[in-house]
Amino acid sequence: MVKYKEFELITVAYDEYEFHPSFASKMTSQLTESGSKLLEEPIANCVCVLFINEDKVIFNSNGNGFLTGMVIDWSSFGRDVTVKWSSSVKKNVLPSDNVEDIDITFSWSEDFPVSSLKIGSKKKTKVVDTTSYPFVVEYSGYLETDVSFEISVSKNKSDDNSQILKNTFNKAICNWNDLKRTNGEFINYLGEFKKIRGKYKVHIDLGNGGHQAIDYILNTLAVECVDFIEKIIIKQS
């Protein structure tokens, strides 16, 4: 698993556009500040690297510049983003320009994935998701390889759901491993299901699957077990 000490900007030298040190410096500092405001915590808790893609700069009619890139979280999972900048000068400002004495503003665009980045925050916090799935999902703390699922089911269900849950988890993991066989993102282990005080608990070794693997399991549960799951809490084991 790749680890970085803090959030940093990695730029690419283009054939047409090469980053000037002043452009890269202002871009990094302003995106760090604006990203922290959007996330409501230091961006370095959620993002370790911003890669800028080898794409040409796009300008709109107002002279605002746009570049596409990818933010990498602490589980090494990347998400596509768009970076925007605007300035008071009456021309298109390129990454190769010296902007030391130019009033220029950098910001994240609407595709900055606030919710999914907060779920993977290194800050020991609680994130509650009530919209992505037909049941409530709560993430506690920063999730790495070994995690536990705690599943609450409807009280009006009198039958034992442990076998259904076990079969669904096995199905999700087998399908995931088949899909990811070529790049080694295997889920390595599924523990024994236990029923404790009316809740089902199981430990999983996600291997290199990270949050993508968690999302895949949750989506499978949303299809197979939607009629009795009420809430799932996911914690670091």
**Asked** Condition test on Ser115, is it free of Cβ contacts under 8 Å to residues at least 40 places away in the same chain, of a type in the set (Gly, Ala, Ser), within 19 Å of Phe23 (Cα to Cα) and open to solvent by 70 Å² or more (accessible area, probe 1.4 Å)?
**Response** no
**Asked** Restricting to segment 1-42, what's the tally of residues that are within 30 Å of Asn208 (Cβ to Cβ), modelled with pLDDT under 90, among the aliphatic types (A, V, I, L, M) and in contact with a strand residue (DSSP E or B) (Cβ under 9 Å, 6 or more places away or on another chain)?
**Response** 4
**Request:** Would you point out the residue of segment 68-102, among those that are open to solvent by less than 30 Å² (accessible area, probe 1.4 Å) and more than 30 Å from Glu185 (Cα to Cα), that is modelled with the lowest pLDDT?
**Result:** Pro95
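Listed here are the residues, each with its yes/no results for (1) open to solvent by 40 Å² or more (accessible area, probe 1.4 Å); (2) touching a residue at least 12 places away in the same chain (Cβ under 8 Å).
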site: Gln163; (1), (2): yes, no
site: Asp178; (1), (2): yes, no
site: Tyr189; (1), (2): yes, yes
site: Arg197; (1), (2): yes, no
site: Gly207; (1), (2): no, yes
site: Asp215; (1), (2): yes, no
site: Glu224; (1), (2): yes, yes
**Item:** Hey, Ile234 out of contact with any Gly (no Cβ under 7 Å at 6 or more places or on another chain) and surrounded by fewer than 13 Cβ atoms within 10 Å (Cβ to Cβ) or not
**Value:** no
**Prompt:** Got at least one residue in segment 54-67 being modelled with pLDDT under 90, open to solvent by 70 Å² or more (accessible area, probe 1.4 Å) and among the small types (Gly, Ala, Ser)?
**Reply:** yes
**Asked** Scanning segment 51-68 for residues that are small (Gly, Ala, Ser) and within 18 Å of Phe23 (Cβ to Cβ), which turns out nearest to the chain's Cα centre (by Cα)?
**Response** Gly65
**Prompt:** How many of the residues in segment 69-112 are charged (D, E, K, R) and either more than 23 Å from the chain's Cα centre (by Cα) or under 22 Å from Pro21 (Cβ atoms) (or both)?
**Reply:** 7
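The values are calculated or read from the model by the stated rules, or taken from the named source; none is laboratory data. Since the model is a prediction, treat every value here as computed from it, not as a measurement. No Cβ is skipped: glycine too gets one built from the backbone with ideal geometry, and neighbour counts run over all protein chains shown. When the accessible area is computed, the model is the full protein with side chains, heavy atoms only, and any ligands, DNA or RNA have been set aside. Shrake-Rupley method; radii C 1.70, N 1.55, O 1.52, S 1.80 Å.
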